[in-house]
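Just so you know, all these numbers are worked out from the coordinates, no wet-lab data involved. Not measured: the values here are computed from a predicted model. Note that we place each Cβ from the backbone using ideal geometry, even for glycine, and neighbour counts take in every protein chain shown.
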Amino acid sequence: MHDASMEPLIIDDRAAGVFRVSRRTFTEPEFLELERRRVFEKCWIYAGHESEVPNPGDFRSRRLAGRAVILVRGDDGVVRVLLNTCTHRGSLVCREKCGNARTFQCPYHAWTFNSRGDLIGVPGEDAYSPAFKREDLALGQVRRINSYRGFIFASFDSSAPDLDDYLGAAREYLDLVCDQSEVGMKIVSGQQSYSIRANWKLLVENSIDGYHGLPTHQRYFSFLADIGIDLKARGVLERHKVADLGNGHAVIEYTGPWGRPVAHWVPPFGAERKARIESTRRDLEQRFGAERARRICETSRNLFIFPNLVINDIMSITVRNFFPVSHDYMEVDAWALGPVDERPEDSALRLDNFLTFLGPGGFATPDDVEMLESCQRGFANREIGWSDISRGMKRNDPEITDELQIRTFWRRWNELMTAPLARRARRAA
């Protein structure tokens, strides 16, 4: 296995303004095993949203950091992340994507577990010795689970910091998302699932990359012009913020020219919505003041929470999670987020915007998928050993097309990938 302590994985020369990443981190399979142990099993990972399991017995089966799990609200009202493997012989005990169940029964030998994970049924239990105890064979569960504003996170690392400390400055941007409704936010029914034949870290870069927008998504910006949205007149990119939020998290925030169903009306939304949207904005101004209300209503943000959660609060709100299956193949899941009390017609508009831009068949996602897969194919030219991520490195006030936010990810990734080996090297010395 590659020893990350033997050679640098990144070049981070702040004095010269040079930042480069070794392309071996995208192409050599052994890095993925290191990432699974040192990144995904050490960090808080997004597991779902509280609105997905509102009632006792509600469950969602999914993969978390490569593991099969069940996000479930037990009959005691507590949300848990159960490990989806029978403690008898290992089969999945839940093979449905979602639903409501009082129990989960293994299809292999019919061991049965309740919604808390307790073993409550064993056919032919009298065949076992007195040493057999049901309480020793409950479903495993992720012990570190916590939530912030409805977003549920789990960690396999008992020494991980508290979730609030881990999120740090990213909480401000989650608040901007969640404060759009006084009664809370919900995941809208439905899920997008697709795959990309590229290394997962390329999607991290892409999700917070303002530099690729205009050249890659020309079709979308032409579409905006066709429906009467003038980017220059609306000052897109003129008011922006690019920030390192600590712990590998980052954000780009900018003026949104396309309007937002929550409280930023534009002509394509239809005149009948104008009064209601303006009323919502006035309510937000009363709750938070004019400046914070402006940020909620008029600014868009691409928020990245390390290592693999992206919340795009653009013309709609997209929650996107992804995980590597192999070094050159990832699976992506995405959901739409909206206010609990949103009118059906406004929810339909939000979903239309969600699909139009970020849906698997929308304007943006196919473009991005093609570019990431193109990068992965280009990495086969091993004579070119480094990718350059130096843009704006010497600029005091980073622009949205600079790459500070991408460097933020790579610096944290590099710390996690190399620090344990460095500690072992010191002990050996």
Top mean-square fluctuation among Phe357, Phe223, Phe304, Gaussian network model of the chain, C-alpha springs under 10 Å?
Phe223
Quick test of your reading: applying the under-4.7 Å Cβ rule, which cysteines of the chain are isolated?
Cys43, Cys94, Cys98, Cys178, Cys297, Cys375
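For the range 101-193, what class follows from the C-alpha gyration tensor (a ≥ b ≥ c being the square roots of its eigenvalues): rounded when a/c is under 1.5, otherwise prolate if a/b is larger than b/c, else oblate?
Numbers: a/c = 3.94, a/b = 2.10, b/c = 1.88.
Verdict is prolate for the range 101-193.
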Cα centroids of the range 388-412 and the range 102-156: how far apart, whole angstrom?
46 Å
Highest to lowest packing among 45-54, 321-330, 156-165, scored as the average C-beta count within 10 Å:
45-54, 321-330, 156-165
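By the gyration tensor of its Cα atoms, with a ≥ b ≥ c the square roots of the eigenvalues, what is the shape of the range 169-414: rounded for a/c under 1.5, prolate for a/b over b/c, or oblate?
On the way: a/c = 1.69, a/b = 1.55, b/c = 1.09.
Here the range 169-414 falls in the prolate category.
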Excluding residues on the same chain fewer than 8 positions from Lys241, give the lysines whose Cα lies under 25 Å from its Cα.
Lys201, Lys232, Lys394
In deg cm²/dmol, rounded to 500, what helix-only [θ] at 222 nm does the chain give when every DSSP H run of at least 4 residues adds -39500 (n - 2.57) and the total is split over its residues?
-8500 deg cm²/dmol
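Quick one: if the Förster radius is 51 Å, what FRET efficiency do Lys394 and Glu41 give, using the C-beta to C-beta distance and rounding to 0.05?
0.90
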Rounded to the nearest Å, what's the spacing between the alpha carbon centres of the range 277-349 and the range 171-196? Just the number, please.
5 Å
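Got the relative contact order for the chain handy, in percent, Cα pairs under 8 Å and 6 or more residues apart?
Details: 799 pairs, mean separation 87.5, N = 429.
20 percent.
Once you order the gyration tensor axes a ≥ b ≥ c over the Cα atoms, which shape class does the chain get: rounded for a/c under 1.5, otherwise prolate or oblate by comparing a/b with b/c?
Details: a/c = 1.98, a/b = 1.21, b/c = 1.64.
Because a/c hits 1.5 or more and a/b fails to exceed b/c, the chain counts as oblate.
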